[in-house]
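Let me begin by presenting the structure, written as C-alpha cells, before commenting on it.
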Amino acid sequence: MRRARFGLRLGHSGWNWNWDWGRVAGGLAAACLMSGGCAQYAIPPDSSPVYNPDRRDYATFREAHPGLLEPNYLPFMLHRFREDPVRGDVLVVCRWEAGDMPLPVHIERPGIPDEIQDEFHPVDPQIYVERVAHALQTWEGELEALVRFRLVATPDEARLVLRLRGELAPRPSEDVQVLGTTSALLEACRSRGVDPDAERLRVSFAVPELLIYVADRSGLLTPNQVEQIALHEIGHALGMMGHSPISTDFMYRVIPDRPGISQLSIEDVNSFLNLYQLPNGTRFAHVPPGGSPPPPPPGPPSGSPMLSVGPHVDARIGFEVKTPSGWIRVETDHGLFAANGPVWDRDASFQIVVWPYPTIEQFLTRFSQALFADTWLRHRTPVVVNGRRALQVAVEDPSGQLAEEFTIVELGDGRVMMIHTQSPVETQDQWRPWFQASLATLEIWPSAGR
C-alpha cells in the first residue's frame, strides 16, 4: 500500500489565497429512468435535496471494497444520477476508461497582450505551456500509469484541450477570481442504465476542454501558480465532480498558497487511485429521496473501550499499539494515524509520530509554533511513558470546540515520539478512556526495530 505523506497534524488547514477554482457545469439531466434505453446526464447539484456523505456511507462501501487506499475523499468525487422515486438517487464512480489511455491532449499556447505583459521582464508564453505539461506528468507519475497522456500538435487530434488564456480571470464577486474552469463537467458522465451483470451503471466519460487563466488583477501569474491551477483542473477533467473538503488538498475549492510546491497531497493521490482502480460506474451509495439522513451521534459507543484484536506494528520506527476497534488506521512516513471515521468525517483521532530530536526541549523549539499557535493551554505536566521521560500538553482551540492532547516522549536514542489525541471538547471525557486504553498497549522498541 502506498505510504501516506502527511505531517504532524492531518487535515490541519494551510494558508489560502482567496481564489475560487470554479467549474463550468451546464446542462440538465435527461428525462429518462435509469432502467430506460436513453442516455442520462448527471443531475445538476441545485436540482435535488442536498446530500452530504458521512462515515456511515463510507463504512458500508469500504466493507464491500476493502482494498481502498486511505486516507481519501472518494465520496466527494462522485456523479449523481436519478434512479427511482422510492430508492432516490445514486452516487457512482465515473472516469475515463483504460482504453482511452494514453489520452491525446493539446495544450493551447496563450497569447499575452501588451497591456498585461511586464515590459521590463516579459514572460515567454511557452513557459506556461511547459508548466502545464509538467502538471500532466505529475498526474501520470502519481497515479502509477493508471492515467497516461499523449501530447498532440493540434486541437483536432485531441480528446482533451487545455486552453491557456492570456487575459484577466473573470471575477464573479469582489473577493473571488475564477482562475480555471472545466467545461461541461456536468455533462461529462453519461449513463445508459444498470449493468445487469454487476452492481454498477454502464457509464462513459469525456471532458472536451478546460480553461486556465494566466493573469489576475495584479498581472501575470507565476509559472508555479499556473501549474497549480492546471493540477486542480486536470483533476476535474479526470473524473472528479466535486471538491475535497480538506483545505490542504489540491482538489479543495480554493487554491492553497504553496509557493514553489506542485505536489499532490496523499488524499489527492489515494482518491484518484481509488477512482481509477474501481470498476467504472461502481455505485457508492443511494441518496434518500428526502436528502441527508440525521448525522451519527457524537462521541464513542456506550460501554467500556474496545480495542482492535491485533496491534498496529511499525517495525520501521519501532513500536506497536492497539487502536479502538473499527477505527481506520493509516501508516504514515513518521508513524500512524487512526480515527473513528474518514479524514473528512471523524469525531476523534489518535496519532503517533517519531522525529529525530534527542530531547523534548529541542523538539518543542522546532515545533511549538506549529502545534500550539492559536490554542488555549489547559495543562502542561511531566509524565512517564514506558519508563521514559515525557511531557503532556493539553490545549483547546479558541472557539472551545476542539480538545487536543500531546504526549511527547524521549526515546533515548536521539528521537522523540509524539502521541496526539483529538476530540470535541463536549465529548472529551467520553473519549479519554478510549485514548488511555490505546496508550496503555503502546510498546516502544529500540531504534533498530523489533
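Phi angles across segment 85-102 convert, under the Karplus curve 6.51 cos²θ - 1.76 cosθ + 1.60 with θ = phi - 60°, into 3J(HN,Hα) values of x, 7, 7, x, 8, 10, 9, 9, 6, 8, 6, 4, 8, 4, x, 7, 8, x Hz, Gly and Pro given as x. Seen against the Cα atoms of the chain and their longest principal axis, helix 360-372 is set at about 40 degrees.
Mean sequence separation of contacting Cα pairs (under 8 Å, at least six apart), scaled by the length of segment 58-148, corresponds to a relative contact order of 19 percent. For VAL123, nonlocal amide neighbours, meaning residues 5 or more places apart or on other chains whose placed amide H falls under 5 Å from its own, are ASP118.
Scattering from segment 392-450 was approximated by placing one identical point on each alpha carbon and applying the Debye formula without solvent; log10 I(q)/I(0) at 0.30 1/Å stands at -1.26. Restricting the GluC sites (Glu not before Pro) of segment 74-154 to loop positions (DSSP other than H, G, I, E, B) with no more than 14 neighbouring Cβ atoms within 10 Å leaves GLU97, GLU115, GLU119, GLU144. Take the Cβ-Cβ distance between GLU361 and GLU426 as r, set R0 to 30 Å, and report the resulting FRET efficiency rounded to the nearest 0.05. The pair GLU361/GLU426 has a calculated efficiency of 0.35. Relative to the dominant Cα principal axis of the chain, helix 266-277 is inclined by about 60°.
Fully extended, how many nm does the chain gain between SER302 and GLU119 (0.36 nm per residue separation, minus their Cα-Cα distance)?
Gain in length upon complete extension: 59.0 nm.
Sites counted here are chymotrypsin sites (Phe, Trp or Tyr not before Pro) in a DSSP loop (not H, G, I, E or B) having no more than 16 other Cβ atoms within 10 Å; the longest part of the chain that contains none of them is 121-450. Each Cα pair under 8 Å and six or more residues apart adds its separation to the average, and for the chain the resulting relative contact order is 19 percent. Against the chain, whose longest principal axis is taken from its Cα atoms, helix 223-237 shows a tilt of about 80°.
Which of the trypsin sites (Lys or Arg not before Pro) across segment 161-235 are loop residues per DSSP, with 10 or fewer other Cβ within 10 Å? Hits after loop and neighbour filter: ARG217. Shape descriptor for the chain: Rg over Rh equals 1.00 (Cα atoms; Rh from the Kirkwood inverse mean 1/r). Loop-located trypsin sites (Lys or Arg not before Pro) in segment 44-135 (DSSP state not H, G, I, E or B) with no more than 15 neighbouring Cβ atoms inside 10 Å: ARG87.
Between VAL254 and ALA315, what FRET efficiency follows from the Cβ-Cβ distance if R0 is 45 Å, with the result rounded to 0.05?
For VAL254 and ALA315, the calculated efficiency is 0.70.
Each value in this text was obtained by applying a stated rule to the coordinates, not by laboratory testing. Just so it is clear, the structure is predicted and the values come from calculations on it, not from any experiment. With ideal geometry, Cβ positions are generated from the backbone for all residues, glycine too; neighbour counts draw on all protein chains shown.
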